[in-house]
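The values are calculated or read from the model by the stated rules, or taken from the named source; none is laboratory data. These figures come from a predicted structure and were not determined experimentally. Positions of Cβ are generated from backbone atoms using ideal geometry, with glycine treated the same way; all protein chains shown enter the neighbour counts. In case anyone asks, the SASA skips ligands and DNA or RNA and just uses the protein heavy atoms, side chains included. Shrake-Rupley method; radii C 1.70, N 1.55, O 1.52, S 1.80 Å.
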Amino acid sequence: MTLKAVGIIAEYDPFHNGHLFQLRQAQRLTNADVTVVVMSSNWTQRGEPAIFDKWTRTKMALENEVDLVIELPIQSAVQPASIFAYNAVELIVALKCQSLSFGSESPEFDFNKFKTFEVNTSYNEFKNYQESYPENFRKFILENYGFNLELPNDTLGFWYAQAVQKLNANLKLVPIARNESNHGDDKLLHQISSGKAIRKAIKNRNSRFINFIPESSVQIEKLQPLFWDDYWPYLKYEINQTSLFDLRNVYQMSDGLEFLFKRAAIKAKNFNEFIELVKSKRYTYTRLQRLCVYVLFKITQQQIDDSSRNLRVLGMTKNGQNYLNQIKKELKLSLISKVDKTVFDRADYLECKAGLLTGTILNNQQDLYHFPVIINK
C-alpha cells in the first residue's frame, strides 16, 4: 500500500490543543495516511527561543498524531516570512507530501490564487520608510490585488503559495480555520488558547496552562522553559566584544543598526530594555529579535548562502518510519538521522553551533550524537 502524506509547517511552541485540532482537521480533509511536520528547531520565526527544546517538542508531537518530524534549522527558521515559507515548503516538497495544511484566519481565501501574484520580496520594493516592511507589504497586496493580509497566518499562507509556485511543485494547499482563539490572544480563555497565552502563563508560573496542552508523557511543567532573558548575558557579551566592522557584516544588519546595538547594549539591564532602546517605527520587534539571533551566533550572509539543504529526522513513529522507507530512494536531499562530527562541522554547522548554547543553558546535548525520538505506535 502506497502511503499518502499531508505536510504541516510548525513551531509547536509548545504543542497545544489548537495544534491537535489542526492535525485532525488536516487528516480528515486530505485523507492522508501519514502526517509529516517540518518543525523549527530551538529558535522561532519571530526571533525568540522556543520555550522548550526541539526534542521535547518533537516527542509531544509524536505522542499526539504526528508521524514524522523533520528539523527546520536556525538559518531557515529565523527568517522573514517569505524566506521562512520558501525554506520550509522546499522540505515539504522534498518529502513527497501531496498536500500542505496550515492554520488560517481567513480559510475562505483562494490561497492557490496567491501563487500568481507578482511580489518582489526585496526591502527596496517599498519606499515608505516611516512604516515597517510588513505594513508596507500589506498595503501593497491590498492596493494591487484586493486582499487584506493583516493577520499572521494568512500572511504565511500567502508565502506558502508563492513558494509552491517558485518550486513548481504539485502541492495542494489546505487552509484550516483557527478555532476559538486568535494568534495574538494573550489570555487563557478557552479550551483552545493561543501559543502566546500559554507561553505567557508558563513564564508567569500560572499552572493553568497545562489544561490547554494535550496529554503526553512529557511533563513539561517540570522542565526549564527558555526565554530571551536566559540568552541576554551571552548576547550582551557578543555585542560589546564584537567590532563595529564585524557587527556590520552580520546577516540583515543594515542602516547603521550596529551603532544602535552598541549603545543600547551598554545601557540595557535586560533583553526587554535592549529591544525598547533599538525599536523604531521602521523596524518591528520581530525584525529586531531575529537580528539579535544573528548577532548572538555571528551569522553572516555568506554562512546563510553556504548552508546545505538536508532532511534531519528529529523523530518518528512506526508509521513515519514506513513512510521514510517508501520515499527514501526518491529523496534528492541528504537524510540525516544522527549528527556525527562530519555533520556537526559541515552539513548542519549553524544549527549545531546554536545548539551548543541551548545545551549549555539546559545542561544537555542538543545535537552531537543525538538520535531521533522513536515512538513505537
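Some points to look at:
- Any hit, region 46-58, residues being closer than 20 Å to Q321 by Cα, part of a loop (DSSP other than H, G, I, E, B) and open to solvent by 10 Å² or more (accessible area, probe 1.4 Å): no
- If you go through region 213-229 and pick out every residue that is open to solvent by less than 50 Å² (accessible area, probe 1.4 Å) and at pLDDT 95 or above, you end up with 4.
- Residue within region 292-299 that is of a type in the set (D, E, K, R), closer than 29 Å to L3 by Cβ and out of contact with any Gly (no Cβ under 6 Å at 6 or more places or on another chain) present: no
For every residue, the table says whether it meets (1) closer than 28 Å to K377 by Cα; (2) modelled with pLDDT under 95; (3) assigned to a strand (DSSP E or B).
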residue: V295; (1), (2), (3): no, no, no
residue: K298; (1), (2), (3): no, no, no
residue: D305; (1), (2), (3): no, yes, no
residue: S308; (1), (2), (3): no, yes, no
residue: L311; (1), (2), (3): yes, no, yes
residue: L314; (1), (2), (3): yes, no, yes
residue: G320; (1), (2), (3): yes, no, no
residue: L324; (1), (2), (3): yes, no, no
residue: I327; (1), (2), (3): yes, no, no
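- Residue within region 340-350 that is in contact with a Phe, Trp or Tyr (Cβ under 8 Å, 6 or more places away or on another chain) and under 30 Å from S243 (Cα atoms) present: yes
- Per-region count, region 308-349, residues open to solvent by 30 Å² or more (accessible area, probe 1.4 Å), under 24 Å from K59 (Cβ atoms) and touching an Asp or Glu at 6+ places or on another chain (Cβ under 8 Å): 1
This table checks each residue for (1) over 20 Å from the mean Cα position of the chain (by Cα); (2) touching a residue at least 60 places away in the same chain (Cβ under 8 Å).
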| position | (1), (2) |
| --- | --- |
| S307 | no, yes |
| N310 | no, no |
| M316 | no, yes |
| Y323 | yes, yes |
| E330 | yes, yes |
| T342 | yes, no |
| G355 | no, yes |
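- Conditions (1) of a type outside the set (D, E, K, R); (2) open to solvent by less than 30 Å² (accessible area, probe 1.4 Å); (3) under 27 Å from V93 (Cα atoms); number of the one not met by A197: (3)
Matching residues to (1) touching a residue at least 60 places away in the same chain (Cβ under 8 Å); (2) in contact with a Leu (Cβ under 8 Å, 6 or more places away or on another chain):
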position	(1), (2)
S216	yes, no
E221	no, no
Q224	yes, yes
D229	no, no
D246	no, no
E276	no, no
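- Hits in region 357-373 - residues which are more than 16 Å from M39 (Cβ to Cβ) and either surrounded by 15 or more Cβ atoms within 10 Å (Cβ to Cβ) or touching a helix residue (DSSP H, G or I) at 6+ places or on another chain (Cβ under 8 Å) (or both): L357, G359, I361, L362, Q365, L368
- Check on L244, surrounded by fewer than 17 Cβ atoms within 10 Å (Cβ to Cβ) and either closer than 18 Å to N42 by Cα or modelled with pLDDT of 95 or more (or both): yes
- Test: residue in region 203-212 that is over 30 Å from C97 (Cβ atoms), assigned to a loop (DSSP other than H, G, I, E, B) and either modelled with pLDDT of 95 or more or open to solvent by less than 90 Å² (accessible area, probe 1.4 Å) (or both): yes
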